[in-house]
Structure formats: structure tokens, C-alpha cells
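Contents: one structure, followed by commentary.
The values are calculated or read from the model by the stated rules, or taken from the named source; none is laboratory data. All values reported here derive from a predicted model rather than from experimental measurement. A quick note on method: Cβ atoms are made from the backbone with ideal geometry, for glycine too, and the neighbour counts reach across all protein chains shown. What goes into the accessible areas is simple: the full protein's heavy atoms, side chains included, and nothing from ligands, DNA or RNA. Shrake-Rupley method; radii C 1.70, N 1.55, O 1.52, S 1.80 Å.
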Amino acid sequence: MLFRDAAKLVTTMAVTVVPARYGRAARVPRGRTIAVINTHGNQVVDTWAFAAADPAEFMCMEHTRSVNSTIYPRVGVAMMTNRRRPVLTWLEDTSPGVHDTVLCACNRQIYEELGIREYHRNCEDNLHEALAEIGMTVPFTPAPLNLFMNTPVGEDGGIVRLAPVSRPGDRVTFRAEMDAVVVFSACPQDITPINGDGRLPQDVEFLIA
Ligand SMILES: [Zn+2]
């Protein structure tokens, strides 16, 4: 009984909750793994990574698409930095594998366009808030890896925005290929169905092992 409780405690302590509509940052040493868990299944997770030694080097969707010749990353693919070095490698994906590397993070202007008059939380601000919480400032917003975001690109180049097809507990696991800072934002989008038809952002979790 004691053993089981101790194991549960360790597991609980190692998991970081990213509250719905907020972001969290963490330092990840090279060689460690990072699992991102879609606790409720419907939540898009905007994801960034920076080189710990120099955040001017960051996980870059353009170079990742160029190196891998695809817009759809999957297990085995390395996410590349703007200096074309691997930063995160996909080790595991228990979800149906639907993610986005094309679209921007939501920001306050997007919510203004959607008719929201008061301040609306957004992934861009979540990134910078989360970095500030660990004492970092980055004067720009890289394009995010949008985990679980279902925005297929058609043959005509059109982009469709659909609800996620991921399920509760689905997770994606990466290996850090350099000492890195990772940031996750539980996207606050509640105007469109990008976080599910219920339009209700939910908590997600990540685990560094
Ligand atoms: Zn967002």
C-alpha cells in the first residue's frame, strides 16, 4: 500500500498541468523525453522549443518542412531549428497523427477579427508569459507546432479548420536533441471549433522523463 502510494506521488509530481487557456515552459536537458498528454482529447497544444544556450535558435516549422519534405510530422521525424539542427525527435504518437505545422499561433489580433472586444487569452501571449515565468524573454514569436490541430490542406492548397480527432489520454513523446526550453500552450480558442465542437479549452499535461 505504501509502495503504491509512493509511486503515485512520484508520478503526480513529475507531471506538469498546463491549465486550459494558459502556457507553461520547462527546461529539458539533451537526451530526456517529453510526453505531451491530451488529457481530455479535444485540446490543441501550441508547442515551441528553443536552444537553451541561445534562444535565437528555435524549433522552426519552415526548416522542419524543408528538411523532411512534408507538412505532416510523424514518428521518426526530427523537428529542426532555424539553424537546421534537430531539436526534438518524435518517438511516439498514440493519437491518430493529425497535427499542424502550417498555421500561426492565435494572438490578440485574431480574436479582435473574431469580434471579441475585451482581452482574450491567446497562445502568443501564453508563450511569452510562460517564458517570463522561467526568467526568459524572446522578442519574437516563432511559428508553433500545433499538436492535435486538425487543419488538413487540400490538393488545391485550401486549409480547413476542423475539431481535433485525438482522444482522451492520447500523447506525443519527443526526445530532446539538445538542451532546450520547451513551451506548451493549451490554446484558448473558444470561438471556433478548433478545440472541439464544445468550444471549451481544457487542461493538458506534460511529463519530462
Ligand atoms: Zn491558440
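Mind checking the alpha-carbon convex hull of the range 161-209 and giving the volume per residue in Å³?
107 Å³
Which value, in Å² rounded to 10, gives the accessible area of Tyr22 with a 1.4 Å probe and all protein chains present?
90 Å²
Once the piece of chain linking Arg83 and Arg199 is laid out straight, how much longer is it, given 0.36 nm per residue of separation minus the C-alpha distance between them?
Fully extending the segment from Arg83 to Arg199 adds 38.1 nm.
Taking amide H positions as placed in the peptide plane 1.01 Å from N, state which residues far from Thr39 in sequence (5 or more) or on other chains have amide H under 5 Å from it.
HN-HN under 5 Å from Thr39: Gly169, Glu205.
Set the Förster distance to 25 Å, then compute FRET efficiency between Asp54 and Arg74 from the Cβ-Cβ distance, nearest 0.05.
0.30
Sum -39500 (n - 2.57) across every DSSP H segment of at least 4 residues in the chain, then divide by the residue count to get the 222 nm mean residue ellipticity, nearest 500.
Here the helix-only value at 222 nm equals -5000 deg cm²/dmol.
If I take every Cα pair under 8 Å that is 6 or more residues apart in the range 10-92, average their sequence separation and divide by the length, what percent do I get for the relative contact order?
19 percent
Per 0.36 nm of contour for each residue apart, how much would the distance between Glu112 and Arg30 grow if the chain were fully extended, relative to their Cα-Cα spacing?
25.6 nm
Which whole-percent values make up P(r) of the range 99-209 when all C-alpha to C-alpha distances are grouped in 10 Å steps starting at zero?
12, 41, 36, 11, 0
Over the range 1-130, with the other protein chains present, what is the accessible area per residue in square angstrom, probe 1.4 angstrom?
Value for the range 1-130: 51 Å² per residue.
What is the percent carbon and sulfur in the accessible area of the chain, measuring with a 1.4 Å probe over the protein chains and ignoring ligands?
Using a 1.4 Å probe with all protein chains present, the chain comes out at 55 percent carbon and sulfur.
At a threshold of 8 angstrom on Cα-Cα distance, excluding pairs fewer than six apart, so keeping six or more, what relative contact order does the chain reach in percent?
Reported relative contact order: 42 percent.
Let me check something: with ligands and nucleic acids excluded, how do Glu113, Glu57, Glu129 order by accessible area (1.4 Å probe), largest to smallest?
Heavy-atom accessible area, descending, gives Glu113, Glu129, Glu57.
Please give the net charge around Val28, taking every other residue with its beta carbon less than 13 angstrom from that of Val28, where Lys and Arg add +1 and Asp and Glu add -1.
+3
If all Cα-Cα distances of the range 22-88 are sorted into 5 Å bins from 0 onward, what percent lands in each bin, rounded to whole numbers?
Once binned at 5 Å, the Cα pair distances of the range 22-88 give 3, 14, 24, 24, 21, 11, 2, 0.
Distances over 21 Å make up what percent of all Cα-Cα pairs in the chain?
Of all Cα-Cα distances in the chain, 51 percent exceed 21 Å.
Quick one: Cα centre-to-centre distance for the range 6-85 and the range 147-187, in angstrom?
10 Å
Could you put Arg117, Arg32 in order of accessible surface area, largest first, with the 1.4 Å probe and the full protein assembly present?
Arg117, Arg32
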